[in-house]
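No value in this document is a laboratory result; all are computed from the given coordinates. Since this is a predicted model, take the numbers as computed values, not measurements. Because the Cβ atoms are built from the backbone with ideal geometry, glycine has one as well, and the counts that use them run over all protein chains shown.
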Amino acid sequence: MVVYVWALISVALYRYNEAPPGTITLRISHWQLETGVRDGINELAKEYQKTHPNVRILQEAIPEGTYGQWLSTQIMSGTAPDIIEMGMIPYQVMLAYYNRYCFVMTPFVNKPNPYNKDNELANVPLRNTFKDGMAAGYVNELQEYMAIPLSSFTVRVFYNVDLLEKLTGANNPPKTYREFFDLCNKVKAMKDEKGRNYIPVVGSKYHFGIWEGALCEMMTYKVLDKADLNRDGVVGNDEFYIAIKAGLLNFDCKPIAAKYNMVREIADFCQPGFTGLSRDEGVFLFAQKRALFMTTGTWDALSLQEQAKGNFTVGIMDFPMPTKDDPAYGDVVAGPRYENPGLGFNYSVTRTSRNPEVAFDFLLFMASKKSNEKLNKIIGWIPSVIDTEIVPFLNDFKPCFTGIYGNFNVWLGGETWIRWMQLASLYQVDPNFTFKQLVEQFEPFYKEKGYDDFMEQKKNNKRVIPVNERFLTGIRSQALLSKNDSPEANSFWIKYRTQTRDRQVFYEIWVSTQMHWVNEGPPFTNEYGPYEYSPELLAKIKERVKKEKK
Amino acid sequence: MKSNRPFQILIIVLILITVAFAAVFFLIEKKKSKVEKPAEVIAAGWLQFKMGEYKQAIKLFQKVLDGVPENSDEQIQALYGLGCTNWLKLPGGDKEKAAELFNEVIKRAPGSDYDAWSMLALVRMLHMVPADQTPDYPKVRDEYQKVYEKFPDKIAGHEAFIYMIGAYLAAFTKEDAVIAKKKLDEFLKAHPDSPFVSSAWGLCSRACETLGDKQGQLDAKLKELEKREIDPANPFMDNANAYWSIAVVAEFEVGDFETARKYYKLMMKEYPMERRNFGAMRALERMDALEAKLKAEN
């Protein structure tokens, strides 16, 4: 009995000390188990408590594999944390969660962040203090700011500096694809003290996807010249299909062939059977000093350094792009690789929060210049706020805003998608399955079955129209209920009109244009592509130049 | 025979008491159903609509409908809210009921904004057909035209006009494009300051494209940009698309390299992170090279 009473008193006292009456407890959840994240948030919580002694901040770090289910359960049962990192759930579900269970942040984004009052951002609206204008926190479907992004991310190639020197004698990593290719070929033939072959490139489903997306995909930039039928600078999956169907583009054209040639070359540098391996298994190989290069993002930078501490030095290099004189890729590489790092690590405030103002205030604190810099320095990530300093280790993550990007967009849907995934996976793992065979097996299938997928996609496009109508009706109601000619009303009306134009009027015309092109043929030919001058136009320009010369 | 009078009096008294109680309850209930702040309840109804809580929205709009004076502004607003919610609710909107409600608004508040919005909503219901069907475009256009003719100076009327032109251009025939262009010319002359003027110029550019009028296409694009409204709070809405689109039409359709250069450069200058900047750089080099080559040939 005495022990029981003593236990009760202890628990009560502990609780009292932990959260005395009047204490506001904020719960914040995320899935970032990487080194430094929890320390960073704890450190900022401590800082915040110095000026807000009645606030306690508790972190709930949930593994990413279960975060989505965990978050859904919490939200459905009305016990969601005050602040949540949004993600790890399907996008449509995320939209629904934002809409129903999170506070809209739009009213605050045009006001300065009060925690910037002592720096040069004192009078800058909150959204303009982020590197992307807070685009990462803006949900286009809802036309509202719903989250605050706290970090910036991009991908690079990490390498074992010591191993590079030991195996090749080189002090610097390769700069071009050809150097990288030659070096990997050399390393591939070398064996460690146990007689095992060194692995030039770490492969896994996760890692190879990054190689493919960030390097190989760049080879397809010039697909644009044939398949950008609406000349908007990007090849959509519908345009890609129409171009293939009309014979403007073939799968064995130079840019696509170059991409898959490179995919094969890099796949051959990875360990056998890599497509069946997980991310952790790939990292393990790198940490064991058996692999030379590994690609991943800034999110892993500090963890990798920690793992390698006292064992080897981790270096960072950009993806080795082919140069214009490269014998295999020179004619498809028009320039450097475009890269615009995205912001992420997005946090929202839930409607079930008992103290939403305090939760939002803490987010503002973390998004202030000083705190954001500190948070990311502890985590080893890149800050999301402008004019902040990054840790020297990450200096090599400078983005490139003028460059090429991928335009291979075969993801039409349904059957063609599945078929492509099967064949492309086979191509990655089976050196005997050639690109020629891949094209021979896929292109006829794509042309035939792709039409059904295309038509289904157009139906889906039409199904979006009532969804948009619902959304527009909501905005119209806000405009109608606002005071006439007030700035608020004007803002709603502008939003309403621009979205009516883009989502309904022009959208319907665009869908019908695509239907017209797929059935009647696009407005271009093999002789005259979207980015080529027609003979009539050339004659006109010639005439003008002649006149100007006179 | 024994008189039954006391019993009769008792019955009458009981009836009177019952009636009195009923009257009191009726008055209390009436007072209860009276909505004190209808504007707030309507706003709450729309919030529920936006959140996808359609049952709640209907409940709130109905509350206002029953609790405010007949044909008051709030009652019309509630009727319109009920109409929209019944039309667009999930699962399964009730178009018939929605049409009844919109017609009720039209009947009760003729000439009002809500009359115009309700009339437009009825045409939108006609226009939006299941994904595997094609709208009856001639009928839809006629109905939009009626809304525009009835409300030539209201936003809803202008929106109806824009939808009507969209319905012509979606048909993708030259004949329809000719009609659309003619109607657009009249609209732009009559309403140069319409809130939808930028959209009208955009549609005009589209009509010119279908008709093969390349200079007209470019001119209309420039006007569209000039009148374009930007939602400053939307980080995805900027002029980069418009600049690129003008430059490309100027370069490849009209051969107007001066305009093309101007807009490629504007995009690069104003949007340094825009991914098409590499394409713009290539375009500038391409035009320079072509002109140099032609000059050398001459």
Discussion item. Over the Cα atoms, compute the radius of gyration (one decimal) and Dmax (the largest Cα-Cα distance, rounded to a whole number) for region A:466-524, in Å.
Written reply: 16.1, 50
Worksheet, complete the sentence: Between the residues A:P322, A:T295, A:N197, the Cα farthest towards the positive end of the dipole of the protein assembly as shown, that dipole coming from +1 and -1 charges on the beta-carbon of Lys, Arg, Asp and Glu, is from A:T295
Item to complete: Provide the FRET efficiency to the nearest 0.05 for the A:F401-A:N185 pair, computing r from the beta carbons and using R0 = 25 Å.
Response: 0.15
Response to the item:
In this structure, among A:K117/A:K377; A:K259/B:K293; A:K111/B:K227; A:K117/A:K398; A:K540/B:K182, pairs with alpha-carbon gaps over 31 Å are A:K259/B:K293
Practice prompt. Quickly work out the B:D94-to-A:N261 label distance, labels modelled 7 Å from Cα along the C-beta direction, and quote it in nm with one decimal.
Written response: 6.6
Discussion item. Less than 16 Å apart at the alpha-carbon level, and either on another chain or at least 8 residues along: which aspartates and glutamates does that give for A:K550?
Written reply: B:E291, B:E297
Worksheet item: Working out 0.36 nm times the residue gap between A:N197 and A:E532, then minus their Cα-Cα distance, what length gain in nm do you get to one decimal?
Response: 115.6 nm
Discussion item. Using a 7 Å offset from the Cα along the Cα-to-Cβ direction at both A:D430 and A:N128, what is the distance between the two label points in nm, to one decimal?
Written reply: 5.8
Item to complete: Could you work out how far the C-alpha centroid of region A:262-295 sits from that of region B:71-138, in angstrom?
Response: 59
Worksheet item: For B:E253, what charge total do you get from the other residues with a beta carbon under 14 Å from its beta carbon, if Lys and Arg give +1 and Asp and Glu give -1?
Response: -2
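Under a Cβ-Cβ cut-off of 12 Å, what is the net charge of the residues other than A:K254 that fall near it, where Lys and Arg count +1 and Asp and Glu count -1? Don't jump to the answer; show the numbers that get you there.
Numbers: positive: A:K222, A:K226, A:K259; negative: A:D225, A:D252, A:D331.
So the environment of A:K254 carries a net charge of 0.
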Practice prompt. Looking at chain A, send over the antiparallel percent of its DSSP beta bridges, to the nearest 5.
Written response: 70
Item to complete: Mind checking B:69-81 for the average number of partner chain beta-carbons within 10 Å of each residue's beta-carbon?
Response: 1
Worksheet item: With each pseudo-label sitting 7 Å past Cα toward Cβ, what's the A:D502-A:V467 distance in nm, one decimal?
Response: 1.6
Worksheet item: Among A:L343, B:G255, A:T416, whose Cα sits farthest toward the positive end of the charge dipole of the protein assembly as shown (+1 at Cβ of Lys/Arg, -1 at Cβ of Asp/Glu, about the Cα centre)?
Response: A:L343
Worksheet item: If you take the charge dipole of chain B about its Cα centre, with +1 on Lys and Arg Cβ and -1 on Asp and Glu Cβ, which of B:A289, B:Q77, B:L10 is farthest toward its positive end?
Response: B:L10
Worksheet item: Which aspartates and glutamates does A:K369 reach when only Cα atoms under 13 Å apart count, and residues fewer than 8 places away in its own chain are ignored?
Response: A:D118, A:E120, A:D387, A:E389
Response to the item:
Sorted on mean Cβ neighbours within 10 Å (highest first), peptides A:294-307, A:512-525 come out as A:294-307, A:512-525
Item to complete: Take the Cα gyration tensor of chain A, multiply each eigenvalue by 5, square-root it, and list the three semi-axes largest first, rounded to whole angstrom.
Response: 44, 36, 23
Worksheet, complete the sentence: Taking the alpha-carbon centre of each part, the distance from region A:59-85 to region A:197-232 in Å is 34
Worksheet entry | Cα centroid of region A:406-454 to Cα centroid of region A:473-550, whole Å | 32
Worksheet item: How large is the charge dipole for region B:239-287, taken about the Cα centre, if only the Cβ atoms of Lys, Arg (+1) and Asp, Glu (-1) carry charge, to the nearest 20 debye?
Response: 200
Item to complete: State the antiparallel share, in %, of DSSP beta bridges confined to region A:155-317, rounding to the nearest 5.
Response: 85
Practice prompt. State, as an integer percentage, the relative contact order of region A:392-550 based on alpha-carbon contacts under 8 Å between residues 6 or more apart.
Written response: 15
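Which loop-located chymotrypsin sites (Phe, Trp or Tyr not before Pro) does region A:317-347 contain, where loop means any DSSP state but H, G, I, E or B and the Cβ has at most 13 other Cβ atoms within 10 Å?
none
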Practice prompt. Partner chain Cβ atoms within 10 Å, averaged over the residues of B:125-138 - can you pull that number for me?
Written response: 3
Worksheet item: What is the local net charge at B:E40, summed over the other residues whose Cβ is closer than 15 Å to its Cβ (Lys, Arg +1; Asp, Glu -1)?
Response: +2
